[in-house]
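Before any comments, here is the structure.
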Amino acid sequence: MSCTPLEEIPKVYEGLKAAFRSGKTKSVAFRKAQLSQLLYLLDDNVGRFQQALHADLGRPFKEAQLLEINGTLLQLQGAHDNVEAWASPQRAPFSLLWYPMSPITRKEPKGVVLIIGPFNYPVYLILCPLAAAIAAGNTVLLKPSELSMATATLLTELIPQYLDPDVVRVVNGAIPETTKILELPFDHILYTGNGRVGRVVSTAAAQHLTPVTLELGGKCPCVIDPKCDLKTAAKRIMWGKLANGGQICLCPDYVIVPAHFQDAVVEALVAAYKELHPVDPRESGEVTRMVNKRHAERIKKLVDTTRGTIVIGGEVDTETLYAAPTIVRDVGPKDSLMSEELFGPVLPIVPVSDVDEAIAFIGERDHPLCLYIFSNDAAFKTKVIDNTLSGTVAINDTLLQIGAPTPFGGVGASGHGGYQSGKYAFETFTHMRPVTDSPNWLDSALMGARYTPYDESSFRQLNAVLHARLPPRNAASLGYFGCMAAEISCSLNWYRRFWSNRPNGSA
Amino acid sequence: MHGDLRTAFKSGKTRSLAFRKEQLLQLCYLLEDNHERFAQAFRIDLGRPSEESELVELTGTLTELKDAYDNVEKWASPEKAPFSWLWFAMSPRTRKEPKGTVLIIGPFNYPVYLIFCPLAAAIAAGNTVLLKPSELCEATALLITELLPQYLDPEIVSVVNGGVHETTKVLELPFDHILYTGNGHVGRIICAAAAKHLTPVTLEVRPDLYTRDTGKTPCVIDPECDMKTAAKRLMWGKLLNGGQVCLSPDYVLVPATSQDAFISALKAAYYELHPVNPRKSGLMARMVNTRHTMRVKRLLDDSRATIVIGGEVDIEACYVAPTILRDVARDDAFMSEEIFGPILPVIPVKDVDEAIAFINEGDRPLSIYIFSSNASFKAKVIDNTQSGTVLINDTITQILVHGLPFGGIGPSGHGYTTGKYAFDQFTHLRAVADSPNWSVSHLSPTATRRPDVPRVNPWTGLTPHCCLRGTHRTWCVTYS
């Protein structure tokens, strides 16, 4: 894969800016056509994408199809089908005071946006925001991850074939190229990756006052209720853990469980693992390998220095980049495995005394992107959700919530600035531009009182109309009828003030 | 202080909607009970006439606070996701969660509105708040510092006062959201500080000399408009708060052939609004301090435009006379930065196309004002420009309109700061999904097909094709 020459990068940006200014992305029909083409780009080349993902990550073909490719197609289709509805202007809710100004909100593109993709889901996490940005009418500079080279090369080849090259361009490279890109003034930047680079991106964006959306990671905990359906929970946790070799921002990072229940959980997880992988994944190739040597060495170090007990796995081959699915029990809060997001197929189990300790444990750490709860007890679920904060919550399953029509995004260290998926992603790349139109006659009907020199009585009347009517101070203690009486008295006072000849506020 | 606010947040006391409502009502009463004192503080800080303070700042703020009070249950209640066959079994819904401890830094020009409105939104969203009012409005800052702990729970709202030194210290701390209103130069410093803690930021900024941003709010005049009303509303907007409103009309673009007529209308409007010299009547706010007065004086001295009325500046009294300038060139001193003062440059252009090109050469402004009754004129200007907001046939009032997202774009800022949109800024949308056991089957590869990519429109039976056509390689969609 060849890097884009540094001197080319500003020219690419200028081209995208000129295309935006030409107004060609304004047409919703044009955007819809581009979104169709994006769908075909993926649909026509599924096999090639599967191969690229396999080359980059060793990802099994079926997993790639099921999760990444189908998931991406669903999102792209959503954007294609809904672009007209999302882009149409919205009338403000009716208000007697303001309706004469016909207030309406237009959905306008921000301009030229930058999307920086990660290595782990190099198709989903670049094409889904791309679809949202196109649907919103922006021109886009894509920077796929250099760590997933085959996919980046494929995207670089296919995008100009399917999409208008004035409107979407791909730039490839590593740190020097990304630094060059970040010197340019974009109208929005969406970055998916880790917190360290997230800070670099935010700092660069600050120079241009560019709004930034960060999709970062975190350690996603799984809180187990001893009364849950352990067999299903264990299967879903292991499935989620081993998807993409544990290299998904949403992967369950660690399990937190009451100490007396740890044995049962370990047993269920081991059984689930054997059910999912009756053949050693090293032979079957059914678990994605680590993306590169650096990450394989990172995981090896974490596993080698753990003070927990390895139940299964523990082997990491830094040559073949293979990390064995590993379960570690009796992991303490200061263990190596709790020091950073694992992003690998290693599952630590942290025993605690009870759910309160679990909640405190989670609360001491950065807000994760997802909190997983395995329980069928409504009170248990409510307790955990109400006393924690996370980007999202998924109960009794892992990973799938990203596809649901709900806003998907982080909070705190797991990210901010917008949400993925559906309409929320569209809004991330949209500026809501309100338009109001003030008829002349408003000045004859009270609004003329705003002009100097102030005419006392009409000024008072205008102020009274605009002045909010407050409920009684102790509304809570008055009860329903008390409040009604207070409201009536308030309204009478208001009318009196409106028609009064005395200065405002004293009737 | 910051630690205490975090502890208070973790205690969970702001979770209760009843508690938030009570605090919001208290905030309303803080303002209602003390509006005389606030009007006096504005007179001291800005020389603003009390009627103007009453109508725009106090009444305007109370409306926003009451709006938050009335709607906090609705805004904070979880939302079910729209129905989808694929996902309904997981009962997907979105909870509205407070982000935590937020920082609100206020500006000097509307020191109550631009701090209390975000405060109300932050409280409604369930956060604890650190407020930093502008040090340039000392009387107002002191009043806020005195009154807040009397009305609101001091555990959930704290006030910190100071200048650059104190603000720098505050910015070293990790907040869960920062809302800043002010100038672009400081906006950049805040964003850079926030980046270290990965803190999201909402900015309402105006361009600054240091940053070379040029997003000045233009007024585009259609020569066929009702010039009398246009001029009156324009002058009213210009002179409000002495021109120190982020939404002040900054300059006027008018066809050269209509410049004379419009200048006459502006003059007439000015004398109608101020039959007595504002210096005597006190009906116009003065500049906030000598630094800003000197800044405006410098622009006047460097300008090559013709002064129609005004032009006097008294640095000691921080007074700048309402001034109209004509035949202003595009590279005039007044076009180099946002004026933020009671001076109105009128720039003659050839036609509306030149006006649009002029606006697009500068950075995107917070607002564009269009004075016209012609629908296609309005549409042309709106469709071919970008701005935070648009207001037709009036100035300033769009911020008061209920239910509209008010925010900038590009150098004028990002994020929205009114009504529900402000509430959303301080809220994290936390999606929750609950997967039943039986849904295992929908995951099996045989049950999951690749989605059908639409190739044939079922209504028309036609297939869309996209291709590049013509010498200019334009995209065309054809059907067959």
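Annotations
- Residue in region A:418-428 that is at the interface with chain B (Cβ under 7 Å from one of its Cβ atoms) and surrounded by fewer than 23 Cβ atoms within 10 Å (Cβ to Cβ) present: no
- Just one of (1) within 22 Å of the chain's Cα centre (by Cα); (2) under 25 Å from A:Ile248 (Cβ atoms); (3) of a type in the set (Ser, Thr, Tyr) fails for A:Thr153. It is (1).
- Residue-level check: of (1) farther than 17 Å from B:Phe42 by Cβ; (2) touching a Lys or Arg at 6+ places or on another chain (Cβ under 8 Å), B:Met235 misses just (2).
- Positions within region B:247-288 being among the β-branched types (Val, Ile, Thr) and closer than 17 Å to B:Leu234 by Cα, in sequence order: B:Val252, B:Val254, B:Ile263
- Neighbours by Cβ (under 6 Å, 6+ apart or cross-chain): first from region B:174-185, in a helix (DSSP H, G or I); second surrounded by fewer than 24 Cβ atoms within 10 Å (Cβ to Cβ): B:Gly184/B:Asp208; B:Gly184/B:Thr211; B:His185/B:Asp208; B:His185/B:Tyr210; B:His185/B:Thr211
- Candidate set: region B:98-137, residues that are assigned to a strand (DSSP E or B) and of a type outside the set (A, V, I, L, M); chosen: the one surrounded by the fewest Cβ atoms within 10 Å (Cβ to Cβ): B:Lys132
- Here B:Lys21, B:Lys74, B:Lys66 are screened, and the one residue that is closer than 30 Å to A:Leu371 by Cβ, out of contact with any His (no Cβ under 8 Å at 6 or more places or on another chain) and surrounded by 17 or more Cβ atoms within 10 Å (Cβ to Cβ) is B:Lys21.
- Residues (touching a residue at least 12 places away in the same chain (Cβ under 8 Å) and either under 11 Å from B:Glu32 (Cα atoms) or not assigned by the TED database to the domain that holds B:Leu119 (or both)) located in region B:52-62: B:Glu54, B:Leu58, B:Thr61, B:Leu62
- Of everything in region B:63-118 that is in contact (Cβ under 8 Å) with a residue 12 or more places away in the chain and among the basic types (Lys, Arg), the residue that is nearest to B:His197 (Cα to Cα) is B:Lys99.
- Single unsatisfied condition, B:Gln150 versus (1) at pLDDT below 95; (2) surrounded by fewer than 20 Cβ atoms within 10 Å (Cβ to Cβ); (3) not in a loop (DSSP other than H, G, I, E, B): (1)
- Region B:270-287, residues that are crowded, with 18+ Cβ neighbours inside 10 Å and under 11 Å from B:Val320 (Cβ atoms): B:Pro278, B:Met284, B:Ala285, B:Arg286, B:Met287
- Residues that are more than 14 Å from chain B (Cβ to nearest Cβ), touching a residue at least 24 places away in the same chain (Cβ under 8 Å) and surrounded by fewer than 21 Cβ atoms within 10 Å (Cβ to Cβ) are absent from region A:233-246.
- Qualifying residue in region A:366-384 (condition: touching a Gly at 6+ places or on another chain (Cβ under 7 Å) and either without any contact (Cβ under 8 Å) to a residue 60 or more places away in the chain or surrounded by fewer than 23 Cβ atoms within 10 Å (Cβ to Cβ) (or both)): yes
- Residue selected from region B:384-395 under the condition surrounded by fewer than 23 Cβ atoms within 10 Å (Cβ to Cβ) and more than 7 Å from chain A (Cβ to nearest Cβ), by the criterion nearest to A:Gly410 (Cα to Cα): B:Thr385
- Comparison of A:Arg460, A:Arg433 shows that the only residue that is assigned to a helix (DSSP H, G or I) and surrounded by 22 or more Cβ atoms within 10 Å (Cβ to Cβ) is A:Arg460.
- For region A:71-117, the tally of residues that are in a loop (DSSP other than H, G, I, E, B), modelled with pLDDT under 95 and of a type in the set (Gly, Ala, Ser) stands at 3.
- Residue that is part of a helix (DSSP H, G or I), under 15 Å from B:Glu146 (Cβ atoms) and touching a helix residue (DSSP H, G or I) at 6+ places or on another chain (Cβ under 7 Å), where the choices are B:Gln26, B:Gln40: B:Gln26
- Exactly one residue out of B:Thr94, B:Thr145, B:Thr140 is touching a strand residue (DSSP E or B) at 6+ places or on another chain (Cβ under 6 Å) and surrounded by 20 or more Cβ atoms within 10 Å (Cβ to Cβ), and it is B:Thr94.
- A:Val212 within 22 Å of the chain's Cα centre (by Cα), within 28 Å of B:Gly415 (Cα to Cα) and surrounded by 19 or more Cβ atoms within 10 Å (Cβ to Cβ): yes
- For region A:301-323, a residue qualifies if it is crowded, with 19+ Cβ neighbours inside 10 Å and either at negative phi or not hydrophobic (A, V, I, L, M, F, W, C) (or both), and the qualifying residues are A:Leu302, A:Val303, A:Thr306, A:Gly308, A:Val316, A:Tyr322, A:Ala323.
- Taken as a whole, region A:265-273 holds no residue that is within 14 Å of chain B (Cβ to nearest Cβ), under 23 Å from A:Arg365 (Cβ atoms), surrounded by 20 or more Cβ atoms within 10 Å (Cβ to Cβ) and touching a residue at least 12 places away in the same chain (Cβ under 8 Å).
- Among the residues making up region A:302-361, those that are in a strand (DSSP E or B) and under 17 Å from A:Pro281 (Cβ atoms) are A:Ile310, A:Val311, A:Ile312, A:Val316, A:Asp317, A:Tyr322, A:Ala323, A:Thr326, A:Ile327, A:Val346, A:Leu347.
Yes or no, residue by residue, for (1) more than 7 Å from every other protein chain (Cβ to nearest Cβ); (2) at pLDDT 95 or above; (3) assigned to a helix (DSSP H, G or I); (4) at negative phi:
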position	(1), (2), (3), (4)
B:Ala355	yes, yes, yes, yes
B:Arg364	yes, no, no, yes
B:Ser376	yes, yes, yes, yes
B:Pro411	no, no, yes, yes
B:Thr417	yes, no, no, yes
B:Val432	no, no, no, yes
B:Trp438	yes, no, yes, yes
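- Exclusive hit being closer than 18 Å to B:Lys96 by Cβ and assigned to a strand (DSSP E or B), set A:Leu371, A:Leu389: A:Leu371
- Only one entry of A:Val279, A:Val270, A:Val265 meets the criterion of being not small (Gly, Ala, Ser) and not in a helix (DSSP H, G or I), and that entry is A:Val279.
- Failed item in (1) of a type in the set (D, E, K, R); (2) modelled with pLDDT under 85; (3) within 20 Å of the chain's Cα centre (by Cα), with A:Arg473 passing the rest: (3)
- Tally of residues being buried (at least 24 other Cβ atoms within 10 Å of the Cβ) and at the interface with chain B (Cβ under 8 Å from one of its Cβ atoms) across region A:166-197: 1
- Within region B:71-87, the set of residues being at the interface with chain A (Cβ under 9 Å from one of its Cβ atoms) and under 22 Å from B:Ala124 (Cα atoms) comprises B:Glu79 only.
The values are calculated or read from the model by the stated rules, or taken from the named source; none is laboratory data. Predicted, not measured: the structure shown is a model, and the values here were computed from it. Cβ atoms come from the backbone with ideal geometry, glycine included; neighbour counts cover every protein chain shown.
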